[in-house]
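Throughout, read-outs are computed from the coordinates displayed, never taken from laboratory work. Quick caveat, the model's predicted, so the values are computed rather than measured. All Cβ positions, even for glycine, are placed from backbone atoms using ideal geometry, and neighbour counts span all protein chains on display.
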Amino acid sequence: MVNDWNAEHYDNKLGYVSELGKGVISLLDPKPGEKILDLGCGTGDLTHEIAMSGASVMGIDQSVTMIQQARKKYPHITFIVGNAEELDMNQQFNAVFSNAALHWMKNPSKVTEGIWSILLPGGRFVAEFGGKGNVGVVIDALERTLSELGISTRNKNPWYFPSIGEYTSLLEKYGFQTTYALHFSRPTAMPDGELGLVHWLNGFAGSYLQDLDLPDRSNVIQNVIELCRPILYRNGQWYIDYKRLRVIAEK
Ligand code: BEZ
């Protein structure tokens, strides 16, 4: 998982992540009094939305900077730093919710086992994250560019983007019953016109870029932009080729 996030960049340039997640809250359908965990809560915007339903919600994220920002924005909500691959909580929940976070967790078996262990019997797990083929155009462009420069791309991809079959099988292996699963394309408009893809790369593609010196980094970014432009840029705006997986599963 990624440890160190720029919470300001996330809120200022990538705020659409939380905006799009509001649809997943409808799937969660939180009720007053329910105990809910927001897994991978980031800076807490959706945790706050869930709290508005009257549910008792707690947010957890591995990033210290994200949790600091969440606490500053929503001091009335409990936010904790924690690793979803090693969930060890002394309480149980009616529901575990997660938006745009599970694809950063490369050990999905541990995550699923942990979610199962902290749900009450009859509890539900409701999530959206990147599904198979997610951001495929951007990944191809990054890997092609680095390979052409003779830079290995081995172990650089930080994401887990499963198919429906793969993910629902995993859920069933740990005892869940999947009651809803959807894999769909959602080309997503980036803010800031021409700069939209640069913001996305700087915010999310660090594992491909972090070892490059500044001139190489900006050459790689420029090349990725030109490779993606014919497919992802139209009418002055970038549309990232998001493919989402949504699930509801019951314990
Ligand atoms: C996503 O939300 O699908 C996503 C975000 C950042 C990197 C990769 C995928």
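Could you tell me whether region 150-163 includes any residue that is outside any loop (DSSP other than H, G, I, E, B), in contact with a helix residue (DSSP H, G or I) (Cβ under 7 Å, 6 or more places away or on another chain) and either surrounded by fewer than 16 Cβ atoms within 10 Å (Cβ to Cβ) or at positive phi (or both)? Looking through region 150-163, none of the residues is outside any loop (DSSP other than H, G, I, E, B), in contact with a helix residue (DSSP H, G or I) (Cβ under 7 Å, 6 or more places away or on another chain) and either surrounded by fewer than 16 Cβ atoms within 10 Å (Cβ to Cβ) or at positive phi (or both). Looking only at region 59-92, which residues are buried (at least 22 other Cβ atoms within 10 Å of the Cβ), within 23 Å of Pro121 (Cβ to Cβ) and in contact (Cβ under 8 Å) with a residue 40 or more places away in the chain? The one that is buried (at least 22 other Cβ atoms within 10 Å of the Cβ), within 23 Å of Pro121 (Cβ to Cβ) and in contact (Cβ under 8 Å) with a residue 40 or more places away in the chain: Ala84.
With the requirement that a residue be basic (Lys, Arg) and assigned to a strand (DSSP E or B), what does region 118-134 give you? Write out each step before concluding.
Initially, region 118-134 is screened for residues basic (Lys, Arg), giving 124, 132.
Residue satisfying the conditions is Arg124 alone.
Taking every residue in region 151-164 that is within 12 Å of the ligand (Cβ to nearest atom) and pairing it with any residue that is part of a loop (DSSP other than H, G, I, E, B), at least 6 positions away or on another chain, the pairs with Cβ-Cβ distances below 6 Å are Tyr160/Lys106; Phe161/Gly131; Phe161/Lys132; Phe161/Asn134.
Can you work out which of the residues in region 199-226 that are of a type in the set (S, T, N, Q) and away from the ligand (no atom under 15 Å from the Cβ) is nearest to Glu8 (Cα to Cα)? Among those residues, the one meeting the criterion is Ser218.
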